[in-house]
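Student: A single structure is presented below for examination.
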Amino acid sequence: MLSLVVLNYNGKKLLKTCLDSLLKQSFTDKEVIFLDNASTDDSVAFVRASYPGVRVVVNEKNTGYAGGANKAVEISRGEFVMILNPDIVLEPDYVEVLVAAMAGDSKIASAIGKLRVYDFEKGEKTNRIDSAGLVMYRNRRCVDRGQGEEDKGQFDTREEVFGVTGACPLYRRSALEDVRVAGEYFDSDFFMYKEDVDLSWRFLLFGWKALYEPAAVGYHGRGTGAVTRGGVVEVASRRKDLSKFQRHYSYKNERLMRVKNEFGANVVHDLFPILGKEIMMLGWTCVREPFLFKSLVEFFKQLPRAREKRREIISRRKIGSQEMQQWFK
């Protein structure tokens, strides 16, 4: 069985498009669950009235993506679990193609298809790439491959990738159980942002694979808009589109993630790219985003727990620093 879990927070206006596409999936052995993270926009009432075949579970408080995703895995029953944002629209064979690809290799922990951008304002699909899997650079900047590019077939090859985006990842349940740390699949200290990268990194450390399968096509609305993943100037100019809330968790969680998963030997190998990025970020924080110093304070508060998780991860890892180094491009 496959479990499709829509993790929602105030996404009522997006739900019809998402749920309709899930119910039209050609893969038949599935359950569809709507997990609401304490929404205030009548999302729950809408789903209960409009989709009686969908199981509805309601959290009493908003536990963020990480807390919600942990609960999604716990309440679902499928051998495979897909956790979806409500701004996802899938082609009818998306799930069937991905499950078949994962069934062909028992070491694939996660998979993603070719995600293009969905324009909810116009109610139409576009030909721009949203994600073709995650790529991690030597300076430890992790991005969605191809984001913002026109789809000209440049990502039409099935291949292993660093990891998969949290918008609609398909996970093998046995892999999630294998990499569970401190009783959690997703790190609840993250709340939201970077938890998908953290899990992807851990999968690799534990000897699992992440697959990109372009024959499966889906669409992602992406609330902050798809951007071309360009250089430093473009990244800086786009930061204004992100809320302080997003920038806070992204900044803090990236550093927690590195504490948990990094090899010292790989830090030395990539020291100059890493230092260069950190120095630029420190300068940017001083000049443009001083509120991030509060994020740094919270990072240090959570550092002891991150170090405890690191000890567990490193003691259970299946690969060494050289095998991991190949994933830093």
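Student: Residues that are open to solvent by less than 30 Å² (accessible area, probe 1.4 Å) and free of Cβ contacts under 8 Å to residues at least 40 places away in the same chain: which strands (runs of 3 or more DSSP E) entirely in the stretch 11-91 hold 1 or more of them?
Tutor: By residue number, 30-36, 55-58.
Student: Sticking with this one: Can you tell me which condition Phe272 does not meet? The list is (1) at pLDDT below 95; (2) over 24 Å from the mean Cα position of the chain (by Cα), and all the others hold.
Tutor: Phe272 satisfies all of (1) at pLDDT below 95; (2) over 24 Å from the mean Cα position of the chain (by Cα) except (1).
Student: Please go through the stretch 262-278 and pick out each residue that is among the aromatic types (Phe, Trp, Tyr) and loosely packed, with under 13 Cβ neighbours inside 10 Å.
Tutor: Once the filter is applied, which keeps residues that are among the aromatic types (Phe, Trp, Tyr) and loosely packed, with under 13 Cβ neighbours inside 10 Å, the stretch 262-278 yields only Phe272.
Student: Kindly establish whether Tyr137 is modelled with pLDDT of 95 or more, more than 26 Å from Glu308 (Cβ to Cβ) and either in contact with an Asp or Glu (Cβ under 9 Å, 6 or more places away or on another chain) or among the hydroxyl-bearing types (Ser, Thr, Tyr) (or both).
Tutor: yes
Student: For the stretch 318-329, enumerate the residues that are open to solvent by 70 Å² or more (accessible area, probe 1.4 Å) and among the small types (Gly, Ala, Ser).
Tutor: None - no residue of the stretch 318-329 is open to solvent by 70 Å² or more (accessible area, probe 1.4 Å) and among the small types (Gly, Ala, Ser), so the list stays empty.
Student: Ala101: open to solvent by less than 70 Å² (accessible area, probe 1.4 Å), assigned to a strand (DSSP E or B), in contact with an Asp or Glu (Cβ under 8 Å, 6 or more places away or on another chain) and closer than 19 Å to Leu204 by Cα, yes or no?
Tutor: Answer is no for this residue.
Student: Ser315 passes all but one of (1) over 16 Å from Arg140 (Cβ atoms); (2) surrounded by 13 or more Cβ atoms within 10 Å (Cβ to Cβ); which number fails?
Tutor: It fails just one condition, (2).
Student: Considering only residues that are open to solvent by 30 Å² or more (accessible area, probe 1.4 Å), out of contact with any Lys or Arg (no Cβ under 6 Å at 6 or more places or on another chain) and either among the aromatic types (Phe, Trp, Tyr) or under 20 Å from Ala210 (Cβ atoms) (or both), which ones fall in the stretch 121-164?
Tutor: Answer for the stretch 121-164, where residues must be open to solvent by 30 Å² or more (accessible area, probe 1.4 Å), out of contact with any Lys or Arg (no Cβ under 6 Å at 6 or more places or on another chain) and either among the aromatic types (Phe, Trp, Tyr) or under 20 Å from Ala210 (Cβ atoms) (or both): Arg138, Arg141, Arg145, Gln154, Asp156, Thr157, Arg158, Glu159.
Student: Can you tell me which residue within the stretch 208-261, out of those that are acidic (Asp, Glu) and modelled with pLDDT under 90, is most open to solvent (accessible area, probe 1.4 Å)?
Tutor: Top of the filtered list is Asp241.
Student: Looking at the stretch 286-296, can you tell me whether even one residue there is modelled with pLDDT under 95 and under 29 Å from Phe206 (Cβ atoms)?
Tutor: The answer is yes; a qualifying residue exists.
Student: Of the residues that sit in the stretch 299-311 and are open to solvent by 50 Å² or more (accessible area, probe 1.4 Å) and over 10 Å from Arg255 (Cβ atoms), which one is nearest to the chain's Cα centre (by Cα)?
Tutor: Top of the filtered list is Arg310.
Student: Please find, among Asp189, Asp198, the residue that is acidic (Asp, Glu) and open to solvent by less than 10 Å² (accessible area, probe 1.4 Å).
Tutor: From the options Asp189, Asp198, the qualifying one is Asp198.
Student: Counting only residues that are in contact with a Gly (Cβ under 7 Å, 6 or more places away or on another chain) and of a type outside the set (Val, Ile, Thr), which one in the stretch 113-132 is nearest to Leu14 (Cα to Cα)?
Tutor: Phe120
Student: Within the stretch 132-166, count every residue that is more than 24 Å from Asp270 (Cβ to Cβ) and polar (S, T, N, Q).
Tutor: 2
Student: In the stretch 1-53, which residue that is among the hydrophobic types (A, V, I, L, M, F, W, C) and farther than 23 Å from Ile112 by Cα is modelled with the lowest pLDDT?
Tutor: Ala38
The values are calculated or read from the model by the stated rules, or taken from the named source; none is laboratory data. Not measured: the values here are computed from a predicted model. In this analysis, Cβ positions are derived from the backbone assuming ideal geometry, glycine residues included, and neighbour counts consider all displayed protein chains. Quick note on the areas: whole protein, heavy atoms, side chains included, nothing else; ligands and nucleic acids left out. Shrake-Rupley method; radii C 1.70, N 1.55, O 1.52, S 1.80 Å.
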